[in-house]
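The values are calculated or read from the model by the stated rules, or taken from the named source; none is laboratory data. Being a predicted model, the structure only gives us computed values, none of them experimental. Methodologically, a virtual Cβ is constructed for each residue, glycine included, from the backbone with ideal geometry; neighbour enumeration extends over all protein chains shown. Ligands, DNA and RNA are excluded from the accessible area calculation, which covers all protein heavy atoms including side chains. Shrake-Rupley method; radii C 1.70, N 1.55, O 1.52, S 1.80 Å.
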Amino acid sequence: LITWAYVEFLTAGLRQPGELYEQSLRTQIYQHQYFIRKFYSKHSSANNHLIGEMAGLYIGSVVWPCYKESPSWQTFSKRKLIQEIDRQIEPDGVAKERATEYQLFVLELFIAAAALGQAIGDPFPKEYWNAINRMITFLSAISSRAGELPLFGDGDNAQIMPLPETSAQRVRTLAGLGNSSETAKAPSLRSGLLLWGQAPDEIPLGCLRETDRNIQAFADGGYYVLASDRGGEEEVVIVFDAGPMGLPPLNAHGHADALSFCLTYGG
């Protein structure tokens, strides 16, 4: 659903309205949304799967509001996303699955849905955007100047749009979203799509907390960062993992990283 929504977004001025979505594809889009609403992930699977499903349902219902269920799908998925960002994200911005690659994945999903809501006049609440801000702050704190992340937990490079860029470039884009000057200095296709063509200062992210301090604690998530010469040639970043093993009850993606650390030098 999200992939087709971006196709619609990027090609809207290149074809006649409705040309691409006649017959089978129109049916497929309906069936995807119907299935998500009826069989969305519950219980131990209500983790990043659920966030992805609700982001897809919200984006689908906004981009194709042509089905009788579209208004209720939009309302339901928005409510669930607001609930899940509170349930699955710690107060310090750490995703409770505690896997750095999934931190990136759910961050993209939360942003894409809320940025689309902002664009159409269906804004998500300030508390939701504050949680995204904290997620980006954490991401900035644990990443090196080159965009390298400690590989805590597992990962499969899950992302809402596979683009021709390295993982480090993706990290730098996401970490820079809360800094409008950084995004303006190095605009990317990913940030443009995540924000649905809006400028970063049109998104109510607010100011990120400082990420250039030498000691940072994310006690709710269980991560601690020591750094020096942030962003410089001699940068050293050490990230300690002292957190629990992922999101209960399944604790998926929380592999045996407990009490490990990752050190980067000069990126």
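Given a Förster distance of 25 Å, report the FRET efficiency between Arg26 and Met161 from their Cβ-Cβ distance, rounded to the nearest 0.05.
0.65
Can you tell me the length gained on complete extension of the stretch Leu10 to Ser228, counting 0.36 nm per residue apart and subtracting the Cα distance? Provide the component values of the computation, followed by the final result.
Details: separation 218, 0.36 × 218 = 78.48 nm, distance 4.19 nm.
Taking 0.36 nm per residue and subtracting the Cα distance, the gain is 74.3 nm.
Taking all protein chains in place and a 1.4 Å probe, what share, in percent, of the accessible surface of the chain do carbon and sulfur account for?
Details: 7040 of 12590 Å².
The C+S portion of the solvent-accessible surface of the chain is 56 percent.
For the pair Phe39/Leu151, report the inter-label distance in nm, with labels modelled 7 Å from Cα in the Cβ direction.
3.4 nm
Given Cα pairs under 8 Å that are at least 6 residues apart, what percent is the relative contact order of the chain?
Values: 424 pairs, mean separation 50.8, N = 267.
With pairs under 8 Å counted, the relative contact order is 19 percent.
Sort the following peptides by mean Cβ neighbour count (other Cβ atoms within 10 Å, averaged over residues), highest first: 86-92, 138-144, 196-202, 8-14.
On the way: 86-92: 17.6, 138-144: 25.6, 196-202: 15.1, 8-14: 11.0.
Going from most to least packed, we get 138-144, 86-92, 196-202, 8-14.
Could you check the spin-label model distance between Ile238 and Asp220? Points 7 Å from the Cα along Cα→Cβ, value in nm.
2.7 nm
Go through (i) 39, 22, 14; (ii) 33, 21, 15; (iii) 37, 21, 17 and flag the label whose value is the computed semi-axes √(5λ) of the Cα gyration tensor in Å for this structure.
For semi-axes √(5λ) of the Cα gyration tensor in Å, the calculated option is (ii).
Given the rule -39500 (n - 2.57) for each run of at least 4 DSSP H residues, summed and divided by the residues of the chain, what is its mean residue ellipticity at 222 nm, to the nearest 500 deg cm²/dmol?
Computed ellipticity for the chain at 222 nm equals -14500 deg cm²/dmol.
Treat each spin label as a single point 7 Å out from the Cα along the C-beta direction, and report the Asn130 to Ala199 distance in nm.
2.7 nm
Can you tell me the orientation of helix 100-120 relative to the chain, as the angle in degrees between its alpha-carbon axis and the longest Cα principal axis, to the nearest 10?
Between the helix axis and the principal axis of the chain, the angle is about 40 degrees.
Please give me the summed charge of the neighbours of His32: other residues whose Cβ is under 13 Å from its Cβ, Lys and Arg +1, Asp and Glu -1.
Working: positive: Arg26, Arg37, Lys38; negative: Glu53, Glu69.
Charge balance near His32 sits at +1.
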